[in-house]
Amino acid sequence: MSFRTTSAFDYVEDVSPGSGALPPRAWYASSDAKALPLDGAWRFRLSATADAEDDSFAEEGYDADGWAEVTVPGHWVLQGDGAFGLPIYTNHLYPFPVDPPHVPTENPTGDHLRVFDLPEDWPADGGAVIRFDGVESCARVWLNGTDIGEFKGSRLAHEFAVGHLLKPKGNVLAVRVHQWSAGSYLEDQDQWWLPGIFREVTLLHRPAGGVLDFFVHASYDHLTGEGTLRVDSDVDGRVLVPALDIDVATGEPATTLVAPWSAESPRLYDGELVTEGERVPLRIGFRTVVLEDGLIKVNGKAVLFKGVNRHEWHPEKGRTLDLETMREDVLLMKRHNINAVRTSHYPPHPAFLDLCDEYGLWVIDECDLETHGFTEQDWRDNPVDDDRWTPALLDRAARMVERDKNHPSIVFWSLGNEAGTGRGLTAMAEWIHARDSSRLVHYEGDWNCRDTDVYSRMYANHAEVEQIGKELDGGTHKRRGLPFIQCEYGHAMGNGPGGIADYQELFEKYDRLQGGFIWEWIDHGVKHAELGYAYGGDFGEELHDGNFVCDGLIFPDRTPSPGLIEYKKVIEPVRIDGADGTVRVTNTYDFADLSGLAFEWSYQVDGETVEAGTLSVPALAPGESADLKLPEPPAHEAAEAQWTVRALLASDTAWAPKDHVVAWGQFPASSGVRPSVAPTDRPVRGEKLITLGPASFDGRTGALKAIGGVAVESPRLDVWRATTDNDEGTEWASGIRYSSLWRTLGLHRMRHRLSSVELGEDALTVRTRVAPAAREVGLGVVYRWTSDGSRLRLTVSVGPEGEWTQPLPRLGIRLGLPEADQVKWYGGGPGEAYPDTRKASMVGRWQASVDELQTPYLRPQENGARADVRWVELGGLRIEGDPEFSFTARRWTTEQLDAAAHLTDLTPGDTVWVNLDHGHHGIGSQSCGPGPLPQYHLRAEPAEFSFVFSVLSR
Ligand code: IPT
């Protein structure tokens, strides 16, 4: 019989948070105490198990010359071109047996070594601490051969006192990092598993009489306009705020008139905490967060969160983000009208919170805690309901709150994500409430809201959200008194999310609904030499969740996806609508009046702006509206005309320049004339061809061959689209899986049976039946061609036969053109739009190349449709619609798009395939959430639509 005895490696599987670290405290950059960053190249040795090597590498004089190198901060699996292992992506499944607190014997372990000298001017007196800002998932640390402790809690800071161990030269810092530990059970977030020292390591001098920990309390009384500041500090000192003439002792309150902090006007006052041995800069924002009358109020006002969930992500560096990347996130959010961030699902790099304070974003700071994989066993053995784990949970809560407590942007502490329910969560909430009464507590996993100050849900559908808004949802007594937010909704995976405008309407209609946070900010695609961007499965993981990790509003390179453009429009802080020469402007900010915005009108005829001017709008207060008269419209011929009114920044702000468009509205002034073709020509049968006006058709099949000099792959009915991630759906999350319903029915392999080609007086009529093998259902399709000699009109009539129980993916025609590059159109643009994602589509004249029309979703799928198109010109043809239509144009077929797994699978062919669609099924959000609302369904119903083709003169 053999058994394992206690060993030097037991800490890996120990449920305790660790040993040796200092108590958590506020994270700050001192004005005068020295700091030595230990970033850069470190010696690195990878072992297959935790106990493969002893600790001799930590000894001074150890020869690590033969070791590899990694860059710190960084994840080792993203360095070394695969030599150091590879990333693993799982959503909620643990990539190891659920056997808490045990982890596999195969436990990649990275030994990191760094030798450093103290700078010449490093003070001889005082102490020093070494701070680790983030290490995944468990580390043991030695300095100059002395074991100083070990810790878990990957996205939390840990400090160790090391002053007594330092020497001027040749300090040896050794860090052993294990990929798997007991801590991994608490870190089952939906993201890549990426071991390493991924945030900075810094040596901090601690002067005698220096600052230890401090807590800035800065409240705002909206009735008097006064702010009260009190800085509690472990070490006594003074608090200075020159702009407010404040000079008080720590612990003493000072009250004076102030400008409050809000996400809309993030007023920060520079201050200083001065102790005998140190000066620390403070950035003080005065605001008061309360739960009152069942609402979350800041500075006396209920706020509406227009939020997003942000994971830390960089396509090459993983969760190692530099300051500029963090700033880019914040600027992009601000420029797209986002006012709130949930730091899903762990405390971010502290610098990100500084940026939120500075630029203005409401923050839900979330603890590094998720035990989602236990759902597979009905939450049995869930660590959050097991007292042995509670110290680790409390440690995580304290490390978050203590590190981040001085950020005015944080309004909620979140206990974590998807961890079920249990006593450990209650203990965390109690600790947090006691430590910081100036903020509220969030957690989604307990719908009874035992421990929380808000009723929070994820992916609740519109009907349920409306019930909650109307307070008809029942629930516990406590829950009934709480406001509601959707901490996740609008799953932005691939094409979508659809239906967010319908949510926003509800959020704005019912007071109890205080908004939501789109899931999520960025696609976690990993830059990859062959695949462009890799997702789950691309690294040969035995268990993975595919491209479920690519569900953001921005692509991995941080270019906005259409989802972000749509969200910006849906949440714009000014509503602009109008009719009959009057425009109504409504201020939907929570705090700001409209004095920061300038307004412009323009008048378009057939999509071209013919006149424009400024509009003077009063500085409306939040919630106020004004009806303003527009000027007399210019005289023009009978044509479609619209008013477009824009709200622009009146001057430069910290986050966007003057003239940045914040909001817009468009409304009709006069309607246009539909394209008409008098059927004067008669189809003529030749030897092999039938001719009609400028067109020639195959004499046997009636298929169009050319219009004038433009050869055409004949248009024919098309109902298929390369299924989107939302069409794919998920069994566990939504149960709506159009893709499998449609494929079972055979909509991706429709057969076309020709029944007749009829040459009439003034029309060529081709009758067909379009249906899938093995099924009774079908579509009777009649193509009727007419011409006035120069133009060609096609009218398509569709009549469903049999019993159709499923919606159609799309309904329209597909044709091929031998060459097409530049595309011009009059209709919705500039970006893509589908029935439930079309708020941001603005009617106008647009142009793009065929390549630019493609939206590069990481997993290829239907994309790029321009909606409400009156006409499009491409490949030498002008195509007008009656009624308006939607089009896509690509250098590959729908079938190729459907089959591709990565963008690199798509290679341009010789033909540009053009779909002209009468309708599309809505997009929805059922990759994780509800499907398209009924009004966006494309039912199989009788339909008729026409296109007029003419040849463009070159
Ligand atoms: C929800 C998770 O909280 C989030 O991390 C992410 O996985 C999202 O789903 C899907 O992308 S949990 C789910 C059960 C709704």
Scan the stretch 400-417 and give yes if some residue there is of a type in the set (K, R) and closer than 23 Å to G285 by Cβ, otherwise no. yes
Number of the exception - V231 against (1) touching a His at 6+ places or on another chain (Cβ under 9 Å); (2) of a type in the set (A, V, I, L, M, F, W, C); (3) within 16 Å of the ligand (Cβ to nearest atom): (3)
Just the residues that are outside any strand (DSSP E or B) and under 24 Å from E873 (Cα atoms), please, taken from the stretch 792-830. P818, E819, A820, D821, P830
If you check N309 against the conditions, is it modelled with pLDDT of 95 or more and over 28 Å from L86 (Cβ atoms)? no
Where residues in the stretch 598-609 are out of contact with any Ser or Thr (no Cβ under 6 Å at 6 or more places or on another chain) and surrounded by 14 or more Cβ atoms within 10 Å (Cβ to Cβ), which of them is nearest to G829 (Cα to Cα)? G607
I'd like to verify a number: residues in the stretch 344-376 that are free of Cβ contacts under 8 Å to residues at least 60 places away in the same chain and either part of a helix (DSSP H, G or I) or β-branched (V, I, T) (or both), how many? 6
Being within 16 Å of the ligand (Cβ to nearest atom) and outside the structural domain of H314 (by TED's automatic domain parsing) is the requirement here; does R199 meet it? no
All positions within the stretch 722-758 that are crowded, with 16+ Cβ neighbours inside 10 Å and closer than 30 Å to R682 by Cβ: V757
Of the residues in the stretch 612-649, those that are surrounded by 11 or more Cβ atoms within 10 Å (Cβ to Cβ) and among the polar types (S, T, N, Q) come to S625, Q642, T644
Could you check how many residues of the stretch 928-948 are more than 16 Å from the ligand (Cβ to nearest atom) and either of a type outside the set (D, E, K, R) or buried (at least 21 other Cβ atoms within 10 Å of the Cβ) (or both)? 14
Say whether the condition of being in contact with a strand residue (DSSP E or B) (Cβ under 9 Å, 6 or more places away or on another chain), part of a loop (DSSP other than H, G, I, E, B) and within 16 Å of the ligand (Cβ to nearest atom) is met by at least one residue in the stretch 850-864. yes
Taking A654 as the residue in question, decide whether it is in the same structural domain as N587 (by TED's automatic domain parsing), within 30 Å of E358 (Cα to Cα) and either aromatic (F, W, Y) or in a loop (DSSP other than H, G, I, E, B) (or both). yes
Out of the residues in the stretch 458-480 that are part of a helix (DSSP H, G or I) and within 16 Å of the ligand (Cβ to nearest atom), state the one that is nearest to I296 (Cα to Cα). V465
So the check is Cβ under 6 Å with 6+ separation or different chains; which pairs have a first residue in the stretch 450-470 that's more than 17 Å from G490 (Cβ to Cβ) and aliphatic (A, V, I, L, M) and a second one that's at pLDDT 95 or above and within 16 Å of the ligand (Cβ to nearest atom)? V454/H442; V454/I485
The correct count of residues that are in contact with a strand residue (DSSP E or B) (Cβ under 8 Å, 6 or more places away or on another chain), in a loop (DSSP other than H, G, I, E, B) and crowded, with 24+ Cβ neighbours inside 10 Å in the stretch 899-927 is 2
Any hit, the stretch 489-506, residues being more than 14 Å from the ligand (Cβ to nearest atom), hydroxyl-bearing (S, T, Y), more than 30 Å from L906 (Cβ to Cβ) and surrounded by fewer than 16 Cβ atoms within 10 Å (Cβ to Cβ): no
Regarding the stretch 941-954, can at least one residue be identified that is closer than 27 Å to A695 by Cα and modelled with pLDDT under 95? yes
Count - residues of the stretch 3-51 that are part of a loop (DSSP other than H, G, I, E, B) and loosely packed, with under 13 Cβ neighbours inside 10 Å: 9
Matching entry among S414, S438 (being within 14 Å of the ligand (Cβ to nearest atom), closer than 30 Å to L229 by Cβ and among the hydroxyl-bearing types (S, T, Y)): S414
Qualifying residue in the stretch 196-218 (condition: of a type in the set (G, A, S), part of a strand (DSSP E or B) and more than 30 Å from P97 (Cα to Cα)): yes
I'm checking my understanding of the structure. Among residues of the stretch 74-99 that are in a helix (DSSP H, G or I) and among the small types (G, A, S), which one is nearest to the ligand (Cβ to nearest atom)? G82
Might you let me know whether the stretch 427-440 holds any residue that is in contact with a Gly (Cβ under 7 Å, 6 or more places away or on another chain) and over 14 Å from Y346 (Cα atoms)? no
For residues that are part of a loop (DSSP other than H, G, I, E, B) and either at pLDDT below 95 or more than 40 Å from the chain's Cα centre (by Cα) (or both), scanning just the stretch 224-266, find the one that is surrounded by the most Cβ atoms within 10 Å (Cβ to Cβ). T250
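The values are calculated or read from the model by the stated rules, or taken from the named source; none is laboratory data. Remember, it's a predicted structure, so these values are computed and weren't measured experimentally. Cβ coordinates were reconstructed from backbone atoms using ideal geometry, including for glycine residues, and neighbour counts include every protein chain displayed.
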